[in-house]
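Colleague: My structure is below; once you've seen it, I'll send some questions.
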Amino acid sequence: MITLDHVSKTFTGANEVHAVRDVSLTVDDGEIFGIIGYSGAGKSTLVRCINLLEKPTAGTVTVDGKELTAMGEKDLRQERKKISMIFQQFNLLPSRTVAQNVAFPLKGSGLGKEVVRKKVMDLLDMVGLPDKADAYPSQLSGGQKQRVAIARALASDPKVLLCDEATSALDPQTTQSILHLIQDINRKTGITVVVITHEMAVVKEICHRVAVMDAGAVVEEGTVFDVFSSPQQSVTRSFVSTTSNLGKIEALIAADDPMTALAPGAVIARLNYGHSNVSEATISEISRRFNVDVNIIFSNVEIIGGQSLGGLVAVISGDRVREAIGYLSEKNVVVEVLKRG
Amino acid sequence: MAEFLTSIMPHVVERSDQFWQAFRETLQMVGIVGVLAVVIGIPFGVLLFATKPGAILQNRPVHFILNKICDIFRSIPFILLAMILLGLSRLIMGTGIGVKGAIIPLTFATVPFLGRQIEGALSEVPAGLLEAAQSMGCSPWEIITRVYLKEAIPGIARGVTITLISLINFTAIAGAIGAGGLGSFAISYGHSRGYTDIMWTVLIIIIIMVSLVQTIGNAVVKKTSH
Ligand SMILES: Nc1ncnc2c1ncn2[C@@H]1O[C@H](COP(=O)(O)OP(=O)(O)OP(=O)(O)O)[C@@H](O)[C@H]1O
Ligand SMILES: [Mg+2]
């Protein structure tokens, strides 16, 4: 649905900024594609290159089979109606009511007054705000404003929805509800969604695939499960670690926390399940087989893309620790020994 | 009632015909120039805003010229402006005096003034709305009319209010150089002949006009802000 081919964007000015460097990406029809990166990585610039709010300095952008970078202003405006966008700051028109905001993109569409009215009400129903039609944006909460923005974005029956930090101004609970709304709409209408975020939790929640951006370039790309389970780049690893508590153990060891005190022969190990498709039953198995004690300090397992992912940090003690670890490795569990007693 | 008025403002009552004539002239000047200012000043302000670097119709030379016109006309004291424009007024209006003669200088003083107010009002519209409108495929014209002008209505109402108030002010000054109106009435009778009741009457009427404009302006701002 969206193809970026060697897209670069350089801002010229007092000093040059290479905001996007040679990015090539394909977003498939109907998928929810995440773009994650730290602040300043170039995410907003990249997503603005998709609807050409930002003209790439090099490369081509093709959406729904049409090369936008080859179009004139007028055709481009027509195409933009099929690529909607929602924003961190919602960007509702304050002087218009909710219904007028939602109807805004329909002006000039040739639809009759009654049709527009019905469409607006249907959209407001869809986002769960049927009773707010006549309210002004200033009378709504952040989450409600974003719902209105989503309704407005869908009014022109777009093929693509671009979300630039759409939940970053919202509390965690509201974030969840907005994400689920987007997911719901994606499932119902098959709309292709691009989600820009600096929060791994957002990607984990709704994305099918994800690209990781760093300093203007896409450094890693894949299904959310793959990127989560075996991050290749250090940026990606640091994002992944923000969603799990398994990284906290290093700090505890460094601080000589009593929890990390070891008897001779015992180890502290971090086990990552990765693709191994095992569960915590493996723990009781090594316990039985090798007669070791496994004392779990942290555990973090979640379901991503229908597969379980995560691991745990445990103190393993006994005479056959080495054999137990060997067995785990055979089962495709990634074992890192962090401290030996 | 008549007796009471005669006792507090004898010289006004004595010249009530001239007084009403002067009042009508002031209303005419404010009315005609007010309409001209809005009709010319709003597009002027929109262009001033939209041609700025980075704005939607960015155009350096056009913006430079409009900006300079604005600065120059706003920095000339009105009384000098009126004298400078005498020739132009004779050319266009056929006269340099009376209500007709005052229209050109008053318009030249008011349009740049309102233009700046409009530019300021439009600058207050959050930048995110421009981005949102562009992403919805709006043309520059749609963005100006459906987003900027619409969102800036309270700011524009504020600008028009201030402009009308300075216009009332300018008409009084114009009276000093033969424009007619309440200013001229106050100068030729109140000031030159020392009839203080005329001075006070004109003053009070002008205060009432200004308050009225301000009150209406405030009401419009209040009604259009959400
Ligand atoms: N219009 C512009 N002119 C000059 N530099 C710009 C412009 N827009 C963005 N940049 C620069 O490009 C780089 C990438 O910015 P961008 O907004 O795309 O980052 P981001 O990943 O979206 O960050 P954030 O998470 O903070 O939104 C930054 O260094 C920024 O300063
Ligand atoms: Mg951004």
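Taken together, the values in this text are just the output of simple stated rules run on the coordinates, not laboratory data. Please read all numbers here as calculations on a predicted model, not as lab measurements. Neighbour counts are summed over all protein chains in view; Cβ atoms, including those assigned to glycine, are modelled from backbone coordinates with ideal geometry.
Colleague: Report relative contact order for segment B:14-224 in percent, whole number only (criteria: Cα-Cα under 8 Å, sequence separation at least 6).
Modeller: Once normalised by length, the contact order is 26 percent.
Colleague: As I understand it, the value is the acute angle between the Cα axis of helix A:142-154 and the longest principal axis of the Cα atoms of chain A; what does it come to in degrees, rounded to 10?
Modeller: So the inclination is approximately 60 degrees.
Colleague: Which value in deg cm²/dmol, rounded to the nearest 500, describes the helix-derived mean residue ellipticity at 222 nm for chain B, given -39,500 (n - 2.57) per DSSP H run of n ≥ 4 and division by the residue count?
Modeller: -24500 deg cm²/dmol
Colleague: Only helical DSSP H runs with n ≥ 4 go in: add -39500 (n - 2.57) per run for chain A, normalise by residue count and round the 222 nm mean residue ellipticity to 500 deg cm²/dmol.
Modeller: That calculation yields -10000 deg cm²/dmol at 222 nm.
Colleague: Treating the beta-carbon of each Lys and Arg as +1 and of each Asp and Glu as -1, no other charges, what is the dipole magnitude of the protein assembly as shown about its Cα centre, to the nearest 20 debye? List each step's numbers first, then the result.
Modeller: On the way: 51 positive and 50 negative charges, 332 e Å.
Dipole of the protein assembly as shown, to the nearest 20 debye: 1600 debye.
Colleague: Pairs of alpha-carbon atoms within less than 8 angstrom and 6+ residues apart define the contacts here; what relative contact order does segment B:47-150 have, in percent?
Modeller: Dividing the mean separation by the residue count of segment B:47-150 yields 22 percent.
Colleague: With point charges of +1 on the Cβ of Lys and Arg and -1 on the Cβ of Asp and Glu, referenced to the Cα centre of the protein assembly as shown, which listed residue (B:TYR189, A:LEU111, A:MET1) lies farthest in the positive direction of the dipole?
Modeller: B:TYR189
Colleague: Also, I was wondering about something else. Defining a contact as two alpha carbons under 8 Å apart and six or more residues distant in sequence, what relative contact order in percent does chain A show?
Modeller: Computed value for chain A: 17 percent relative contact order.
Colleague: Put +1 on the Cβ of every Lys and Arg and -1 on every Asp and Glu Cβ in segment B:14-224; which of B:MET93, B:PHE113, B:LEU167 then has its Cα farthest towards the positive end of the dipole?
Modeller: B:MET93
Colleague: Here's another thing I want to ask about it. Calculate the dipole size of segment B:14-224 relative to its Cα centre from +1 charges on Lys and Arg beta carbons and -1 charges on Asp and Glu beta carbons; express the result in debye to the nearest 20.
Modeller: For segment B:14-224, the charge dipole is close to 180 debye.
Colleague: What does the structure give for A:103-115 when I average, per residue, the other chain Cβ atoms found within 10 Å of the residue Cβ?
Modeller: The mean count of partner-chain Cβ atoms within 10 Å per residue comes to 2.
Colleague: Given the Cα-Cα distance of A:ASP171 and A:ALA263 and 0.36 nm per residue of separation, how much length would full extension add, in nm?
Modeller: Computed gain between A:ASP171 and A:ALA263 is 28.7 nm.
Colleague: Mind checking B:124-133 for the average number of partner chain beta-carbons within 10 Å of each residue's beta-carbon?
Modeller: Taking the mean over all residues of the peptide, I get 5.
Colleague: How many Å³ per residue does the convex hull of the Cα positions in segment B:142-183 occupy?
Modeller: 71 Å³
Colleague: Farthest toward the dipole's positive end in chain A, which of A:PHE228, A:THR97, A:ILE185, given Cβ charges of +1 (Lys, Arg) and -1 (Asp, Glu) about the Cα centre?
Modeller: Farthest towards the positive end: A:THR97.
Colleague: Report the extension gain between A:MET121 and A:VAL337 in nm, rounded to one decimal, defined as 0.36 nm multiplied by the number of residues separating them, less their alpha carbon distance.
Modeller: 71.9 nm
Colleague: Ratio of the protein assembly as shown's C-alpha Rg to 2.2 N^0.38 Å, to two decimals?
Modeller: 1.44
Colleague: Separate question: Please identify which residues in segment A:310-338 have an amide N closer than 14 Å to a label point set 7 Å out from the Cα of A:ASP293, following the Cα→Cβ vector.
Modeller: Residues passing the 14 Å test: A:315-321.
Colleague: Please work out the C-alpha center-to-center distance from segment B:61-75 to segment A:124-161 and express it in whole Å.
Modeller: 42 Å
Colleague: Something else: Apply the membrane-span-like helix rule to chain B: whole DSSP H runs, Cα extent along the own long axis of at least 18 Å, mean Kyte-Doolittle hydropathy at least 0.5. List the helices found.
Modeller: Both cut-offs are met by B:16-50, B:98-123, B:153-174, B:196-224.
Colleague: May I ask you to sort A:ILE32, A:ILE206 by Cβ crowding, counting other Cβ atoms within 10 Å and putting the fewest first?
Modeller: Details: A:ILE32 25, A:ILE206 21.
Fewest-to-most ranking of A:ILE32, A:ILE206: A:ILE206, A:ILE32.
Colleague: With +1 on each Lys and Arg Cβ and -1 on each Asp and Glu Cβ, how big is the dipole of segment A:4-131 about its Cα centre, in debye rounded to the nearest 20?
Modeller: Using Cβ point charges on Lys, Arg, Asp and Glu, segment A:4-131 gives about 580 debye.
Colleague: Obtain the nm distance between the two label points defined at A:ARG237 and A:ALA58 by a simple spin-label model: each point lies 7 Å from its Cα along the Cα-to-C-beta direction.
Modeller: Taking the simple label geometry, A:ARG237 and A:ALA58 are separated by 3.1 nm.
Colleague: Between Rg and the Kirkwood Rh of chain B, both from Cα atoms, what is the Rg to Rh ratio?
Modeller: That ratio equals 1.08.
Colleague: Could you state, as a whole-number percent, how many of the C-alpha pairs of segment B:107-226 are farther apart than 19 Å?
Modeller: Considering segment B:107-226, 59 percent of its Cα-Cα pairs are separated by more than 19 Å.
Colleague: Another one. Whole angstrom only: what separates the Cα centroid of segment A:25-93 from the Cα centroid of segment B:197-213?
Modeller: 59 Å
Colleague: Something else: How big is the Cα convex hull of segment A:29-71 in projection, averaged over all directions, in nm²?
Modeller: Numbers: hull surface 14.6 nm².
Answer in nm², one decimal: 3.6.
Colleague: Let me ask you something else. Using a 10 Å cut-off around each Cβ of peptide B:134-146, what is the average number of partner chain Cβ atoms that fall inside? Can you show the working numbers first?
Modeller: Working: counts 7, 16, 16, 14, 7, 4, 2, 0, 4, 0, 0, 0, 4.
The per-residue average across the peptide is 6.
Colleague: Further question on the same structure: Ratio of alpha-carbon Rg to the 2.2 N^0.38 Å globular estimate for segment B:1-122, to two decimals, please.
Modeller: Rg over 2.2 N^0.38 Å, computed on Cα atoms: 1.42.
Colleague: Using Cβ counts within 10 Å as a stand-in for footprinting exposure, how do A:ASP157, A:ASP226, A:ASP125 rank, fewest first?
Modeller: Sorted ascending by nearby Cβ count, the order is A:ASP125, A:ASP157, A:ASP226.
Colleague: For A:SER287, B:SER192, what ranking results if the residue with the fewest other Cβ atoms within 10 Å of its Cβ goes first?
Modeller: B:SER192, A:SER287
Colleague: Can you tell which of A:ASP22, A:ASP214, A:ASP131 shows the greatest fluctuation in a Gaussian network model of chain A with Cα springs below 10 Å?
Modeller: So, out of A:ASP22, A:ASP214, A:ASP131, the one fluctuating most is A:ASP131.
Colleague: Could I ask something else about it? With springs only between Cα atoms under 10 Å apart, run a GNM on chain B and tell me which of B:LEU81, B:LEU167, B:LEU114 wobbles the most.
Modeller: Per the Cα network of chain B with a 10 Å cutoff, B:LEU81 tops the list.
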